Amino acid sequence: MLPVRQIFDAQSVEDVTAATHDTLNKAEVAKSVRPGESVAITVGSRGIANLKALVRAQIEFFQAAGAKPFIVPAMGSHGGGNSEGQRALLAGFDLTEESLGVEICSTMETVILGRTDEGIEIHFAKPAFEADHVIVFNRVKPHTDFAGPIESGLHKMLMIGLGKRSGAEIYHRHCRGESFEPIASKIVPLLLEKCPVLCGLAVVENAREETAHVEAVRPESFASREPELLQMARKWMPRLPVNEVDLLIIDQFGKEISGTGMDMNVVGRKFLRHFPSDRESVRCKRIFVRSVTVKSKGNGCGIGYADFTNDRTVAAIDREITGINCVTSGHVSGAHIPVSFPTDRECIETALRTIGPTPPQEARVVRILDTLHLESVEVSESCLPDIAANPQSEPSGPVRSFQFDSDGNLTRLSDQHSG
């Protein structure tokens, strides 16, 4: 295995607090807020870069305008589909009433705002609906399920996040195709008409998982601006250093990394889930997941899209929480448990016996920490011609064998690189 450093676009926001205040001022949102009015700020379950600083910046901005901001967990069915679990997810990001100095109104209660012409019941989080204003805050990025002009961002937060478990379940049930946009184009205008949405605050990250862009978007511009922000995110997203992979080893996966634990856009399983598709730019024959993150709180949604895992990862997954999330999203196979073995060594040896006629010593193997952190990776020697031809990749150390501990498990990739 050869350590490789990937060089991605490094554009980033130096001061996210100042950037947040600047864009909110530019959008002139304070002119619509009167002293004493309540402002609901949405926060989801994703590990957005600088999350706490971005949330605090919004709180400070509206407090300075004399308003009373508060937090609404907007994460659909995540956190076990209950208010305590969603509050706990926020606490995992150090977002608590004590650390923020404002109320966190965590409830699964929604108001029903009517139905579309097709009979789709429209749900919206009750605390947000009852607020004087709502700030729809979310990261814009390619979605792991949907392909289209609108994927993960302001529309999704408005519908799925603020729809809570009830709304998320309904919307996912009607989004069985490949695109989220047709259903969003019917529901979001009704939500914007009936709910007190003041603006959206969209964040785009670069390949280093750094804040690269912060922008306040007025409700009337959601439909036109979000596709442009999505293209920006797509351009900056991280990628594997090679496109053809026999075995991809992922050290960790979890909900704060991606809705499916590992980003399907990165691993190339967005369309077929269990196999690489001709529509993907990257094709991984086999995927081995080594662990679930602590911040995921046992949510193993997406483990079913891996081919192999180890017994300790299976033991760390909360089957109830995972099942709720996967059933709500409609992707029940995401909760399926892959083939597992007691040790990493057994997983790797077995996986390499299933890639076809390629001898294990000639296999194209790539190892990553997770699908968010792709600057430091490892590739097998058979991938060296690809690395040499890739201007964004360069060797960062000598070729070496896999490092197993006495139990037959790999040491963490980040530990190896730091050592």
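The values are calculated or read from the model by the stated rules, or taken from the named source; none is laboratory data. Values in this document were obtained by computation on a predicted structure and should not be read as measured data. Note: ideal-geometry Cβ built from the backbone for every residue, glycine included; neighbour counts use all protein chains shown. Note: areas computed on protein heavy atoms with side chains; ligands, DNA, RNA excluded. Shrake-Rupley method; radii C 1.70, N 1.55, O 1.52, S 1.80 Å.
Is there a residue in the stretch 305-320 that is aromatic (Phe, Trp, Tyr), open to solvent by 10 Å² or more (accessible area, probe 1.4 Å), within 25 Å of Lys235 (Cα to Cα) and more than 17 Å from the chain's Cα centre (by Cα)?
No.
When residues in the stretch 13-42 are screened for being surrounded by 15 or more Cβ atoms within 10 Å (Cβ to Cβ) and assigned to a loop (DSSP other than H, G, I, E, B), 4 of them pass.
Entry remark, the stretch 252-284: residues being surrounded by fewer than 21 Cβ atoms within 10 Å (Cβ to Cβ) and either modelled with pLDDT of 85 or more or farther than 26 Å from Pro385 by Cβ (or both) number 6 in total. Checked against the criterion of being buried (at least 21 other Cβ atoms within 10 Å of the Cβ), of a type outside the set (A, V, I, L, M, F, W, C) and under 22 Å from Arg165 (Cβ atoms), the candidates Gly85, Gly92 yield just one match: Gly85. Selection of the stretch 176-194 for residues being open to solvent by 10 Å² or more (accessible area, probe 1.4 Å) and not small (Gly, Ala, Ser) yields Arg176, Glu178, Glu181, Pro182, Ile183, Lys186, Pro189, Leu190, Leu192, Glu193, Lys194. Could you please let me know if Leu89 is in a helix (DSSP H, G or I) and more than 24 Å from Ala212 (Cβ to Cβ)? Taking the combined requirement at face value, the residue satisfies it.
Report whether or not Ala57 is assigned to a helix (DSSP H, G or I) and crowded, with 19+ Cβ neighbours inside 10 Å. Criteria met by Ala57.
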